[in-house]
Amino acid sequence: MQKNALKDMTFAEFRERLPEKPVMLLPFGSQEEQGPHAPMGDFMLTEAIALKVAELSGAVAAPTIPFGYADFFKTIPGGIQLRPSTFSAVVEDMVNAFLDHGIEHILILNGHTTNASLIDQAVRRIRAERGVSVASINLWQSIPDTLWKDLYGPAVAEARGHGGEPLTSVYMHLFPDLLRMDLRKPAGRAKAFGLPTGGVNTVQFEGMPVHVPLNCHEVNADGMLGGDPELASAENGQRIVEHLVGFCSRFVDHMRAWDMRSPSHQTQKAM
């Protein structure tokens with residue numbers, strides 16, 4: 001059977017794959033609180049999804065980077081946050097490790113939304129220096145509104161948020177034994193400076209957002225930044241995972257047909 005996880009391959013086995021110009025999946029996640037009921041290692045979800053994508057599409061999944069940029073979670077013990085410069089350097093070093101060997105079809109699977117802006121900066125530097133475009137999919141932002149509505153009906157806004165959905169349902173599907181649903185709590189938000197909070201970045205003044213840096217415990221003592229874990233289910237988690245695996249796998253198939261040095265040029269193989 002073909003191996004799809006780089007960590008499971010010998011270097012000789014991986015070298016045999018190079019002539020096919022494999023698509024490399026680079027999974028990134030975070031070690032951070034997810035409310036009192038869910039494991040802190042949300043990188044486990046990205047890792048599991050990346051492997052499923054690799055198996056379905058024939059790509060190769062690199063080892064998962066379990067730490068991300070999550071500065072506003074550092075006031076709760078157990079998290080591990082990388083400085084922006086450190087995280088950006090890790091992205092660049094990881095990508096360059098494959099570019100140095102002629103592997104140019106690289107897809108980052110990002111399982112922590114706050115990583116996204118730093119990933120964008122890093123891959124733009126890489127394109128300027130190496131001439132290769134590196135694609136990135138922000139997993140939890142890749143769930144379409146139609147699926148949200150199908151799963152949660154009129155309670156979509158109530159369900160979505162850090163500590164709620166979609167991660168609680170995905171945990172229930174992939175790692176049910178790690179959850180402590182007896183510890184779940186609602187995601188009420190405190191005020192900051194006498195104003196309603198809109199997460200860790202904004203307060204609302206006269207109905208409009210004003211950007212203010214906050215730490216997660218200042219919004220909710222349990223780090224619940226919105227979302228209701230009561231609305232989670234393993235069935236919803238399965239459908240979310242199936243969508244993400246299918247979506248990412250279809251993109252892998254699509255990017256194989258393109259020269260990642262030229263957005264307008266398909267490869268000879270595809271043509």
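The values are calculated or read from the model by the stated rules, or taken from the named source; none is laboratory data. Model, not experiment: these values are computed from the prediction. As a convention, Cβ positions derive from the backbone with ideal geometry for all residues, glycine included, and neighbour counts pool all protein chains shown. For the accessible areas, the whole protein counts, side chains as well, though only heavy atoms, and no ligand, DNA or RNA atoms are used. Shrake-Rupley method; radii C 1.70, N 1.55, O 1.52, S 1.80 Å.
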Take Ala128 and Ser262, extend 7 Å from each Cα along the Cα→Cβ direction, and tell me the distance between the two endpoints in nm. 2.4
Most fluctuating of Thr146, Thr46, Thr202 in the GNM of the chain (C-alpha, under 10 Å) is Thr146
Amide H to amide H under 5 Å from Ser30: which residues, 5+ apart in sequence or cross-chain, H placed 1.01 Å off N in plane? Asp42, Phe43
Just the accessible area per residue of the range 38-83, please: how many Å² with a 1.4 Å probe? 40
Of all DSSP beta bridges having both residues in the chain, the percent classed as antiparallel (nearest 5) is 40
Please list, in chain and number order, the residues 5+ apart from Thr202 or on another chain whose amide H is under 5 Å from its amide H, with Hs placed from the backbone. Val212
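Normalised radius of gyration for the range 112-271, please: alpha carbon Rg relative to 2.2 N^0.38 Å, two decimal places.
For the range 112-271, the normalised Cα radius of gyration comes out at 1.29.
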Between helix 43-57 and the chain: long-axis angle, C-alpha atoms, 0 to 90°, nearest 10: 40
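Could you do me a favour and compute the accessible area per residue for the range 189-265, 1.4 Å probe, result in Å²?
Heavy-atom SASA per residue in the range 189-265 reads 54 Å².
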Return the sequence-ordered ³J(HN,Hα) values of the range 188-200 in whole Hz as given by the Karplus equation 6.51 cos²θ - 1.76 cosθ + 1.60 applied to θ = phi - 60°, using x for Gly and Pro. x, 10, 7, 8, 10, 6, x, 10, x, 8, x, x, 8
From the phi angles alone, apply the Karplus equation (6.51, -1.76, 1.60; θ = phi - 60°) to the range 167-175 and give each ³J(HN,Hα) in whole Hz, x where the residue is Gly or Pro. 5, 4, 5, 5, 4, 4, 7, 8, 9
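Quick one: accessible area per residue over the range 91-173, 1.4 Å probe, rounded to a whole number of Å²?
Counting only protein heavy atoms, the per-residue value for the range 91-173 is 41 Å².
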Taking the alpha-carbon set of the range 1-109, what are its Rg and Dmax in Å? 15.4, 47
With θ taken as phi - 60° and the coefficients 6.51, -1.76 and 1.60, list the Karplus ³J(HN,Hα) couplings across the range 80-96 in order, rounded to whole Hz; mark glycine and proline as x. 10, 10, 8, 5, x, 5, 5, 4, 4, 5, 5, 4, 5, 5, 5, 5, 5
A 1.4 Å probe over the protein heavy atoms gives the chain a carbon and sulfur accessible-area percentage of 55
Relative to the longest principal Cα axis of the chain, at what angle does helix 234-256 sit, 0 to 90 degrees, rounded to 10? 30
I'd like the distance between the alpha-carbon centres of the range 148-184 and the range 230-253, rounded to an integer number of Å. 13
